Amino acid sequence: MIVEGLAPQSIALAVRLLRAGELVGLPTETVYGLAANADDAAAVAKVFQAKGRPADHPLIVHVLGHAQVAHFARDVPAVADALMQAFWPGPLTVILPRRAGVAVAAAGGQDSIGLRCPAHPVVRAVLKACQEAGATDDGEPLWGLAAPSANQFGRVSPTTAAHVQSEFGEPLLILDGGACSVGIESTIVDCTRGAPVVLRPGAISRAQVEEVARAASQPSPRLQETPAAPRASGTLESHYAPRAKVRLMNAPSLQSALDLLGADLDAGNTVIATYSRAILRSRSSKVIRRRMPDDAVATAQQLFAVLREFDAQGAQLIWVETPPEGPEWEGVRDRLQRAAAA
Ligand code: TXA
Ligand code: MG
C-alpha cells in the first residue's frame, strides 16, 4: 500500500510496524529502501528473505545523526568522523568497526557495520519518531533502520514508490516521498582498514572523499581493485541489472550498429532501446530512443527509472552510450558496467 510519506499518520503507522518487527518501504535521497529495526534479528531476516539476498551480505543501517553512531560502532576513526561531518546527512555510507553483540544479523555477521545518515525528509521523520523514548517494548529508542535498496537481489534499485510496489506487491507499506533526487546508491567508504577505501562510487565522488581524508591527514583513499572481504553485494560484478541485455558502446559504434540493423528489425521481434547523449538515427520503428542528459547528476537521477521503463516497454536489448570519462560520471559508469556484466 502506497501512502503519502510526510503525513503524520503515515509516519506513525510506519513506526508502529517497524517496532512490531515488520518491514516498511521508505524513500531516501538515493534510492528507496526496504527497512527493518536494525536491532531486531527476526525483522532483519525478513528483509533478506523478501529480497532473496544471501544472509551474509551486510545491510546498511540508517541513523538520524551522529548521536546514534556510538550505539552501533565500537570506534570511530578520525577519517570517518571527518567524512560524516562533511557529508551527513547525505549519500555517504561509512563502514566502521561494529560494537560486539549489536545488529549482528544486519551486519551479515561481519565485525563491521555500514552506517548512513540520509537527508530525505520522510526517512528523517521516521528516524526521528524512532528515537522517541519507548519506541521499543523495553523503553529504548529504536536506534537505526537496516535498509537495503527495495528491490529483488541483483535487480535495478527503485527510485519511486511505484517501483517498490512492483517489486514487493500490495501488502508492503510504502511511504511515498516522490522520485529520488540522487537516483543511485550512496558512496560507501570502508574506514576499518587504516586508509579509507571507496567500496562503491556514488554521488559523492572519490575526489571529494580524498579531499576530506587529506584534511583529516589520513593516507589517500583508493578504489578497491580486487574483491577483498568484507563482501558488498553492490560490488558484485553483475548487479543493477534490468531484464534486457545491456551493452555499452561509444556513440559511433552505437550508430553503426543501428545502421547495420536498418529496417530489418521490423521483421523480427527484438525491441532495442538506446540511451545516449548523441542524436542517433534509426530506420526501424522497433528502436526506442532516449536521450541521456549531458550532465552526470541528471543522468544518475533518471538512470534506474529509464532502465525499468525500457524493460516495461519490452526491450530485449538496451544499447547505452559509454558515459564520459570525467570523475563526476564514475557512479553512473559503475552502475552501467555492472548492468552490462549481467
Ligand atoms: O543509497 C544507499 O546506500 C541505499 C539506500 C536505501 O540507503 N541502500 C543500499 O543498500 O544501497 P544495499 O544493502 O542495497 O547496499 C548496501 C551495500 C551492500 O553492498 C552491502 O554489502 C554494503 O553496503 N555493506 C553494508 N554493510 C557493510 C559492511 N559492514 N562491510 C562491507 N560492506 C557493507
Ligand atoms: Mg542494492
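Quick notes on this one:
- In region 149-161, the residues that are open to solvent by 60 Å² or more (accessible area, probe 1.4 Å) and either out of contact with any Lys or Arg (no Cβ under 8 Å at 6 or more places or on another chain) or assigned to a helix (DSSP H, G or I) (or both): Arg155
- Scanning region 185-204 turns up no residue that is within 22 Å of Leu26 (Cα to Cα), more than 15 Å from ligand 1 (Cβ to nearest atom) and either surrounded by 22 or more Cβ atoms within 10 Å (Cβ to Cβ) or free of Cβ contacts under 8 Å to residues at least 40 places away in the same chain (or both).
- Restricting region 128-148 to residues that are of a type in the set (A, V, I, L, M) and within 12 Å of ligand 1 (Cβ to nearest atom), the residue that is surrounded by the most Cβ atoms within 10 Å (Cβ to Cβ): Leu145
- Residue in region 323-332 that is under 25 Å from His163 (Cα atoms) and at pLDDT below 95 present: no
- Of all residues in region 267-308 being open to solvent by 60 Å² or more (accessible area, probe 1.4 Å) and outside any loop (DSSP other than H, G, I, E, B), the one that is nearest to Thr30 (Cα to Cα): Gln301
- Residues located in region 111-127, provided they are away from ligand 2 (no atom under 16 Å from the Cβ), surrounded by 21 or more Cβ atoms within 10 Å (Cβ to Cβ) and part of a loop (DSSP other than H, G, I, E, B): Cys117, His120
- For region 97-106, filtering for residues that are more than 16 Å from ligand 2 (Cβ to nearest atom) and crowded, with 24+ Cβ neighbours inside 10 Å leaves 2.
- In region 323-342, the residue that is least open to solvent (accessible area, probe 1.4 Å) out of those that are in contact with a Ser or Thr (Cβ under 9 Å, 6 or more places away or on another chain) and assigned to a loop (DSSP other than H, G, I, E, B) is Pro323.
The values are calculated or read from the model by the stated rules, or taken from the named source; none is laboratory data. Please read all numbers here as calculations on a predicted model, not as lab measurements. Positions of Cβ are backbone-derived with ideal geometry, glycine not excepted, and every protein chain shown enters the neighbour counts. For accessibility, only protein heavy atoms count, side chains too; no ligands or nucleic acids. Shrake-Rupley method; radii C 1.70, N 1.55, O 1.52, S 1.80 Å.
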